[in-house]
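*Asks:* Sharing a structure with you now.
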Amino acid sequence: MAKKSTPSKAKRTKTAAAPRTKAAFPDIAAVPFVERGSRAELGFRHYRPDEKVEGKPMREHLRFASAYWHTMRNGLADPFGAPTALMPWDDGTDSLANAARRIEVFAEFLTKCRIDHWCFHDRDIAPEGATLAESHRNLDAIVKVAKDVMKGAKKRLLWGTACLFAHPRYASGAATSPSLAVYAYAAAQVKKAIEVTHELGGEGYVFWGGREGYTSLLNTDMKREREQLARFLHMAVDHKKKIGFKGRFYIEPKPREPSVHQYDSDAAACLAFLREFDLLGELSLNIETNHATLAGHTMEHELTVARDAQALGSIDANMGTDNCGWDTDEFPIDVHLTTKIMLIVLSMGGFTSGGLNFDAKRRRESFEPKDLFHAHVAGMDAFARGLKAAAAIRADGRIAEFVRQRYRSWNTDLGLRVRSGASSFEELANVALGAKEPSLESGRQEWLEAIVQEYL
Ligand code: XLS
Ligand code: NI
Ligand code: NI
């Protein structure tokens, strides 16, 4: 909702944010570390930021982030019902003073919840103005506040992004819009969002294309739209280099919701797109669990596809409901899932610029501020357990050894010749004609699953 605000009002924002206002979560102290089995209501049972796993502190392995849009801006409305979330610190207006206050509240939350990073969309943190120029000014005013507040709280920006899906102008897409005027608007918005991400010391920048797709092919020129998107990303890369932003660019795949089909449908489709348009070195992927399941894949599948292309950049940590087809963005509390995720993260040597961003929201029945803590703590503990289990499975070594043995025939002279391209169908046909029926070996899936179980 656009509210009138002028540059002079923006200036007043500074004074509104300068004196620290009273705590938003007065009854909650920094979440303590408690023993497993403790009856304390809030407490980390498993996450110990400084405890080392495979020689590295847990906080550096996990690099947790909270998503501003869910934690600060999600009122928990659903398609059938009004918002339920209580946000006593929020006056419900689009004023800059309210936006500045939210930043402080978020920093208090991150500190008390022991989360080191954050992520945001441009329009989450600052109100959209009546004009693009006014939106830019609003953003500048809040970025100034955020820079100070986050510096003071020692919180780092994992990534920033632009909201190119909420406003009606983007109904038919942003970088894939049939309208050049909308395309230019989106370019201006992304240019600014990259600049403020840079200003805030962001380690990455995400492109998620919720409207970059179609609802009907009757009105859509898919070839043209994909080419437009590639040009858009090339210009973004050029701009990034021009301003000296060193953060990583990520594409976040999702097959649908809100569009019927989104071009970045899964990791494989994104990689094919990046290869087709010569962008692979410039962007990696930000993989989200619930998007993987919407695409009909497991999270391990999507992470493996990305890792194998050396393009696994970051993770949006959440999960869906098995028996519901929506992107329900639940907090990830399934230790089996977090273990499999961390096995892949450890196998690539850990995150560099990426991390685990909780792109997750509470259920609308969990509307109290305290529930924000319960939700994040549960997710963080689930990942701490997953990390420890994954490290134990790696130390055990039986699964990796089984896989090595399973492919051992490829290490023979003939195997190496095939892999290097030195063999031919003639040679292989001669080998097969002169050999007995190949013997079959068990895949032992259930045994390997039992080994995983041992460490959960
Ligand atoms: C929506 C996406 C979105 C991106 C950021 O489903 O997950 O939240 O992470 O635009
Ligand atoms: Ni999502
Ligand atoms: Ni996401």
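*Asks:* Which is away from ligand 3 (no atom under 16 Å from the Cβ), of a type in the set (S, T, Y), buried (at least 20 other Cβ atoms within 10 Å of the Cβ) and at pLDDT 95 or above, of Y205, Y214? Write out each step before concluding.
*Replies:* Values: Y205 fails: away from ligand 3 (no atom under 16 Å from the Cβ).
After ruling out the rest, the residue left standing is Y214.
*Asks:* Something else about it: Please go through region 220-257 and give me each residue that is away from ligand 3 (no atom under 16 Å from the Cβ) and of a type in the set (D, E), ordered by number. Lay out the reasoning, then the answer.
*Replies:* The first filter runs over region 220-257 and keeps only residues away from ligand 3 (no atom under 16 Å from the Cβ), leaving 220-247.
Result: D221, E225, E227, D238.
*Asks:* Could I ask something else about it? Going residue by residue through region 148-163, is there one that turns out to be of a type in the set (F, W, Y), buried (at least 20 other Cβ atoms within 10 Å of the Cβ) and touching a Ser or Thr at 6+ places or on another chain (Cβ under 6 Å)? Even if it seems obvious, please write down each step before you answer.
*Replies:* Keep residues of region 148-163 that are of a type in the set (F, W, Y), which gives 159.
Narrowing further to those that are buried (at least 20 other Cβ atoms within 10 Å of the Cβ): 159.
Next, only the ones that are touching a Ser or Thr at 6+ places or on another chain (Cβ under 6 Å) stay: none.
No: zero hits.
*Asks:* Within region 260-270, is even one residue more than 16 Å from W208 (Cβ to Cβ) and more than 11 Å from ligand 2 (Cβ to nearest atom)?
*Replies:* In the first step, residues of region 260-270 are kept if they are more than 16 Å from W208 (Cβ to Cβ); the result is 260, 268.
Subset that is more than 11 Å from ligand 2 (Cβ to nearest atom): 260, 268.
Yes, the conditions are met somewhere in region 260-270.
*Asks:* Could you pull out the residue among A309, A317 that is among the small types (G, A, S) and away from ligand 1 (no atom under 14 Å from the Cβ)? Quick ask: steps written out before the conclusion?
*Replies:* Values: A317 fails: away from ligand 1 (no atom under 14 Å from the Cβ).
Selected residue: A309, the only one of A309, A317 that is among the small types (G, A, S) and away from ligand 1 (no atom under 14 Å from the Cβ).
*Asks:* Please state which of the following conditions E288 fails to meet, knowing it meets all the rest: (1) away from ligand 2 (no atom under 13 Å from the Cβ); (2) crowded, with 24+ Cβ neighbours inside 10 Å.
*Replies:* Result: E288 fails condition (1) only.
*Asks:* Return yes when L356 is within 14 Å of ligand 3 (Cβ to nearest atom) and either surrounded by fewer than 20 Cβ atoms within 10 Å (Cβ to Cβ) or not polar (S, T, N, Q) (or both) and no when it is not. Can you show your working first?
*Replies:* On the way: within 14 Å of ligand 3 (Cβ to nearest atom): yes; either surrounded by fewer than 20 Cβ atoms within 10 Å (Cβ to Cβ) or not polar (S, T, N, Q) (or both): yes.
Yes; evaluated as a whole, the condition is true for this residue.
*Asks:* Another question, if that's okay. Just to verify a result, which residue in region 275-326, among those that are hydroxyl-bearing (S, T, Y) and in contact with a strand residue (DSSP E or B) (Cβ under 7 Å, 6 or more places away or on another chain), is farthest from ligand 3 (Cβ to nearest atom)?
*Replies:* Looking at the filtered set, the residue picked out is T321.
*Asks:* Further question on the same structure: Does V182 meet the test of being away from ligand 3 (no atom under 16 Å from the Cβ) and more than 30 Å from D148 (Cα to Cα)? Please lay out each step first, then the result.
*Replies:* Values: away from ligand 3 (no atom under 16 Å from the Cβ): yes; more than 30 Å from D148 (Cα to Cα): yes.
In short, yes.
*Asks:* Right, E199: more than 30 Å from A30 (Cα to Cα) and surrounded by fewer than 23 Cβ atoms within 10 Å (Cβ to Cβ) or not?
*Replies:* Details: more than 30 Å from A30 (Cα to Cα): no; surrounded by fewer than 23 Cβ atoms within 10 Å (Cβ to Cβ): yes.
The answer is no for E199.
*Asks:* Is it fair to say E257 is at pLDDT 95 or above, surrounded by fewer than 16 Cβ atoms within 10 Å (Cβ to Cβ) and outside any helix (DSSP H, G or I)?
*Replies:* Details: at pLDDT 95 or above: yes; surrounded by fewer than 16 Cβ atoms within 10 Å (Cβ to Cβ): yes; outside any helix (DSSP H, G or I): yes.
For E257, the condition - at pLDDT 95 or above, surrounded by fewer than 16 Cβ atoms within 10 Å (Cβ to Cβ) and outside any helix (DSSP H, G or I) - is met.
*Asks:* Which residue is nearest to ligand 1 (Cβ to nearest atom), if the candidates are limited to region 176-219 and must be touching a helix residue (DSSP H, G or I) at 6+ places or on another chain (Cβ under 8 Å) and of a type in the set (S, T, Y)?
*Replies:* For region 176-219, the residue satisfying everything is Y205.
*Asks:* Just checking, does region 328-339 include any residue being of a type in the set (V, I, T), touching a Pro at 6+ places or on another chain (Cβ under 7 Å) and either free of Cβ contacts under 8 Å to residues at least 24 places away in the same chain or within 14 Å of ligand 2 (Cβ to nearest atom) (or both)?
*Replies:* no
*Asks:* Given the residues R226, R256, which is the only one that is more than 16 Å from ligand 1 (Cβ to nearest atom) and either under 20 Å from the mean Cα position of the chain (by Cα) or basic (K, R) (or both)? Show your work before the answer.
*Replies:* Values: R256 fails: more than 16 Å from ligand 1 (Cβ to nearest atom).
Answer to the selection: R226.
*Asks:* Being of a type in the set (F, W, Y) and more than 25 Å from M348 (Cβ to Cβ) is the filter here; which residues of region 387-444 pass it?
*Replies:* If the condition is that a residue be of a type in the set (F, W, Y) and more than 25 Å from M348 (Cβ to Cβ), then F425 is the only one that fits.
*Asks:* Return a yes/no flag: does region 235-242 have any residue that is charged (D, E, K, R), surrounded by fewer than 19 Cβ atoms within 10 Å (Cβ to Cβ), closer than 21 Å to L139 by Cβ and free of Cβ contacts under 8 Å to residues at least 24 places away in the same chain.
*Replies:* So the first thing to find is which residues in region 235-242 are charged (D, E, K, R), and the list is 238, 240-242.
Next, from what is left, pick out any that are surrounded by fewer than 19 Cβ atoms within 10 Å (Cβ to Cβ): 238, 241-242.
Keeping just the survivors that are closer than 21 Å to L139 by Cβ gives 242.
Checking the rest, the ones that are also free of Cβ contacts under 8 Å to residues at least 24 places away in the same chain come to 242.
Among the residues of region 235-242, at least one is charged (D, E, K, R), surrounded by fewer than 19 Cβ atoms within 10 Å (Cβ to Cβ), closer than 21 Å to L139 by Cβ and free of Cβ contacts under 8 Å to residues at least 24 places away in the same chain, which makes the answer yes.
*Asks:* Shifting gears a bit: Provide a single number: the residues in region 260-272 that are outside any loop (DSSP other than H, G, I, E, B) and either touching a strand residue (DSSP E or B) at 6+ places or on another chain (Cβ under 8 Å) or within 16 Å of ligand 3 (Cβ to nearest atom) (or both).
*Replies:* Of region 260-272, the ones outside any loop (DSSP other than H, G, I, E, B) are 261-262, 267-272.
Those left that are additionally either touching a strand residue (DSSP E or B) at 6+ places or on another chain (Cβ under 8 Å) or within 16 Å of ligand 3 (Cβ to nearest atom) (or both): 261-262, 267, 270-271.
Of the residues in region 260-272, 5 are outside any loop (DSSP other than H, G, I, E, B) and either touching a strand residue (DSSP E or B) at 6+ places or on another chain (Cβ under 8 Å) or within 16 Å of ligand 3 (Cβ to nearest atom) (or both).
*Asks:* Here's a follow-up. Taking A230 and the conditions (1) more than 16 Å from ligand 2 (Cβ to nearest atom); (2) over 20 Å from Y68 (Cβ atoms); (3) surrounded by 22 or more Cβ atoms within 10 Å (Cβ to Cβ), which numbered condition does it fall short on, given that it satisfies the others?
*Replies:* (3)
*Asks:* Hey, can you tell me all the residues within region 260-285 that are touching a Pro at 6+ places or on another chain (Cβ under 7 Å) and crowded, with 22+ Cβ neighbours inside 10 Å?
*Replies:* Once the filter is applied, which keeps residues that are touching a Pro at 6+ places or on another chain (Cβ under 7 Å) and crowded, with 22+ Cβ neighbours inside 10 Å, region 260-285 yields Q262, D264, D266, A267, C270, L285.
The values are calculated or read from the model by the stated rules, or taken from the named source; none is laboratory data. Note that the coordinates shown come from a computational prediction; the quantities given were computed from them, not determined experimentally. Every residue, glycine among them, receives a Cβ derived from its backbone with ideal geometry; neighbour counts consider all protein chains shown.
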